[in-house]
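S.K.: Have a look at this one.
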Amino acid sequence: MKKILFPLLIIFLLPLACNIYTQEQTPVYVTTSPHNMVPSFDLSLHKQAMQPCFADDVDKNIKKGITIYNIKINIIPSSLATEPKFIGSMHVHYTNTESVMLNQLFFRLFPNTSAFGGTMNISSTYINNQLINPELVSGNSTLIIPLSTPLAPNDHVQIYMTYEATIPTTMQNGYGRYTYYNDVLSLPNFYPIIPVFDDKGWHVETSIPYGDVTYTDIALYDVTITAPKNMIIVTSGDIIAKSTRHEVQTVRAVTGPMRDFYITMSEKFQSVSQEIDGIKINSYYPAEQTEQGKFALTVAVESFRTFNQLFIPYPYHEFDVVAVPTKAGGMEYPGIIVVAKRYYYQTEKDFFEFVTVHETIHQWWYGLVGNDQINYPWLDEALTQYTCIQYYENRYGDGQRKRQIDRWFNNSYQILLNTNSDRPVAGMVSDFSGADEYGAVVYGKGPLFFEAVRTQLGDEAYFDSMRTYAECYRYSIADPQDLLDIFTEVGGQNVEDLYQEWILGSQ
Ligand SMILES: [Zn+2]
């Protein structure tokens with residue numbers, strides 16, 4: 001994503017009059033010392049990261065009170081050769097969208113978890129311009145900010161933090177998702193992030209090395225990155241400005257309403273792009289692996305061709321597929337997916353294709369329709385796996401449904417049965433004995449629930465249900481009962497028996 005829509009000069013000359021919320025919102029201007037002055041927000045920039053017909057989604061979500069993150073990080077060039085580190089600062093505009101008073105705010109510091117293997121130290125924290133002392137718990141992976149005045153529903157608060165972080169240079173931690181390895185810097189969750197608050201309280205479950213770790217609400221992101229000038233920087237959202245001074249570059253990226261923000265960079269990335277349905281798809285691949293880079297691009301484009309029609313259109317302006325070292329097959333982030341770099345050096349492409357489709361589908365199941373990835377991981381993972389089948393049916397024709405279901409799901413499930421290893425698909429990520437059992441049960445057996453539902457409802461009712469599920473819960477969060485209710489109300493049949501058999505039960 002190297003598109004530059006505005007020269008920096010124009011950004012700086014934007015009149016203050018533009019920098020307002022919608023009329024229903026109170027503009028936020030806090031005059032204080034320059035170092036932590038609350039930045040002005042220009043929603044028109046965030047709308048540029050949307051397709052024009054979905055630009056209003058920015059206003060609609062602002063009216064709902066979504067969080068706004070304004071983040072600056074500086075990758076220290078001299079540190080990359082030894083112990084990579086960066087320093088960051090962050091303004092957060094947080095509105096209490098709950099129905100109860102909040103006495104505390106929570107932030108997750110994922111670099112401090114064993115799944116990430118780095119460090120993140122908060123240097124200072126301000127609430128509404130007051131310096132405060134937050135509490136660190138859970139091995140420094142959760143920051144608790146006490147609010148001297150409880151935050152009432154619909155009231156907002158400004159948080160300002162400065163921090164510094166280190167990045168491991170190995171693949172030993174979890175999937176190796178947060179690392180500088182093999183010329184690629186991968187930075188998921190490089191900022192303190194607010195977890196979901198619901199009727200169970202703040203979601204700060206311990207992260208384990210496998211599975212997904214985040215459970216977050218939609219937010220707007222405005223992120224400025226300073227890094228060595230030769231790095232090709234790829235992020236969630238759109239890069240709208242770029243400048244170079246001496247040996248460093250500064251880029252600014254903004255998003256529409258998204259669930260997270262991811263950064264990766266490498267001096268070795270090459271790229272190829274194609275447009276589909278008004279969306280710019282970019283494939284970033286290792287130097288010289290052009291054929292594989294084009295292959296990933298085509299798979300992503302064909303995925304969008306299928307799922308924009310089948311569910312709801314992807315509302316954002318760009319999407320990136322990036323070859324990044326990871327022990328996982330791939331990893332999903334809003335507006336950008338990682339596909340394991342090793343696939344770009346193999347002649348066998350079947351799993352490369354499947355992973356690229358799977359991670360792309362997460363833009364709908366996880367990205368747009370959020371779910372609790374820690375307590376109900378099957379809800380997005382098993383559905384995403386099953387949805388892959390539709391890509392094969394659409395692209396390669398009849399006969400693919402059974403062939404692909406046998407290949408990716410039935411074979412795994414049969415092994416579970418043959419080894420007396422079957423267990424319920426339902427459960428927290430940490431309920432499974434390890435990555436192998438988690439993979440076989442959630443990714444192998446779990447999709448068979450959706451095949452059983454589709455068989456019972458018929459294609460028309462099944463896909464009507466899935467389209468409604470996407471429409472009802474886009475930018476929001478669904479739980480398993482929400483999906484079951486959709487099957488009953490839209491699909492016309494209660495599928496509780498199938499849910500008991502395939503998700504809650506075991507043989
Ligand atoms: Zn997945």
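The values are calculated or read from the model by the stated rules, or taken from the named source; none is laboratory data. Predicted, not measured: the structure shown is a model, and the values here were computed from it. Ligands, DNA and RNA are stripped out before the accessible areas are found, and what is left, the full protein with its side chains, is counted by its heavy atoms. Shrake-Rupley method; radii C 1.70, N 1.55, O 1.52, S 1.80 Å.
S.K.: Over the range 129-251, with every protein chain in place, what whole percent of the accessible area is carbon and sulfur at 1.4 Å, could you tell me? Could the numbers behind the result be given before it?
M.R.: Numbers: 2130 of 4680 Å².
C and S fraction of accessible area: 45 percent.
S.K.: Still on this structure: What pairs in K72/K268; K63/K327; K63/K268 have C-alpha atoms more than 30 Å from each other? Spell out each step's value before the answer.
M.R.: On the way: K72/K268 24 Å; K63/K327 40 Å; K63/K268 41 Å.
As for pairs spanning more than 30 Å Cα to Cα, those are K63/K327; K63/K268.
S.K.: Find how many whole Å separate the alpha carbon centroid of the range 320-350 from the alpha carbon centroid of the range 420-491.
M.R.: Each part's Cα centre sits 24 Å from the other's.
S.K.: Could I ask something else about it? Run the reach check for K280 against lysines, Cα to Cα strictly under 20 Å, same-chain hits fewer than 8 apart removed. What comes back?
M.R.: Within the straight-line limit of under 20 Å, K280 reaches these lysines: K2, K3, K47, K242, K294.
S.K.: Under the rule a/c < 1.5 gives rounded, and otherwise a/b versus b/c splits prolate from oblate, where does the range 8-264 land using the Cα gyration tensor?
M.R.: Numbers: a/c = 1.56, a/b = 1.11, b/c = 1.40.
Cα axes put the range 8-264 in the oblate bin.
S.K.: What fraction, in whole percent, of alpha-carbon pairs in the chain exceed 33 Å separation?
M.R.: On the way: 47403 of 128271 pairs.
Distances greater than 33 Å cover 37 percent of the Cα pairs.
S.K.: May I pose another question? Under the Karplus relation 6.51 cos²θ - 1.76 cosθ + 1.60, θ = phi - 60°, what is the ordered set of whole-Hz ³J(HN,Hα) values for the range 243-249, x standing for Gly and Pro?
M.R.: Along the range 243-249, the couplings run 9, 10, 9, 6, 9, 10, 10 Hz.
S.K.: Taking 0.36 nm per residue of separation and subtracting the Cα-Cα distance, what length does fully extending D482 through S44 add? Please list the in-between numbers first.
M.R.: Values: separation 438, 0.36 × 438 = 157.68 nm, distance 3.35 nm.
Fully extending the segment from D482 to S44 adds 154.3 nm.
S.K.: Moving on to the next point. Per residue of the range 209-221, in order, report the coupling 6.51 cos²θ - 1.76 cosθ + 1.60 (Karplus, θ = phi - 60°) as ³J(HN,Hα) in whole Hz, putting x for Gly and Pro.
M.R.: x, 10, x, 7, 10, 9, 9, 9, 8, 5, 8, 9, 10
S.K.: S124's amide H: which non-local residues (gap 5+, or another chain) put their own amide H closer than 5 Å, with H modeled 1.01 Å from N in plane and none for Pro or chain starts?
M.R.: When sequence neighbours closer than 5 places are left aside, the close amide H contacts are T162.
S.K.: What shape does the range 368-507 take by its C-alpha gyration tensor, where a ≥ b ≥ c are the square roots of the eigenvalues and a/c under 1.5 counts as rounded, a/b above b/c as prolate, and the rest as oblate?
M.R.: oblate
S.K.: If the cut-off is a Cα-Cα distance under 14 Å, which aspartates and glutamates reach K349, setting aside same-chain residues fewer than 8 apart in sequence?
M.R.: Result set, ordered by chain and number: E291.
S.K.: Related question: At a temperature of 4 °C and a viscosity of 1.567 mPa s, determine how fast the range 268-363 diffuses translationally according to Stokes-Einstein, using the Kirkwood radius over alpha-carbon pairs as Rh; express D in µm²/s, rounded to the nearest whole number.
M.R.: 100 µm²/s
S.K.: Sticking with this one: What are the ³J(HN,Hα) couplings of the range 499-504, residue after residue, when phi is run through the Karplus curve with 6.51, -1.76, 1.60 and θ = phi - 60°? Round to Hz, x for glycine and proline.
M.R.: Going residue by residue, I get 5, 4, 6, 9, 9, 8 Hz, with x marking Gly and Pro.
S.K.: Now for a different question. Going by the alpha-carbon gyration tensor, a ≥ b ≥ c the square roots of its eigenvalues, is the range 139-250 rounded (a/c under 1.5) or, if a/c is not under 1.5, prolate (a/b greater than b/c) versus oblate?
M.R.: oblate
S.K.: Let me have the 222 nm mean residue ellipticity of the chain computed from DSSP H runs of 4+ only, each contributing -39500 (n - 2.57), with the sum over all residues rounded to the nearest 500.
M.R.: Helix-only estimate at 222 nm: -7500 deg cm²/dmol.
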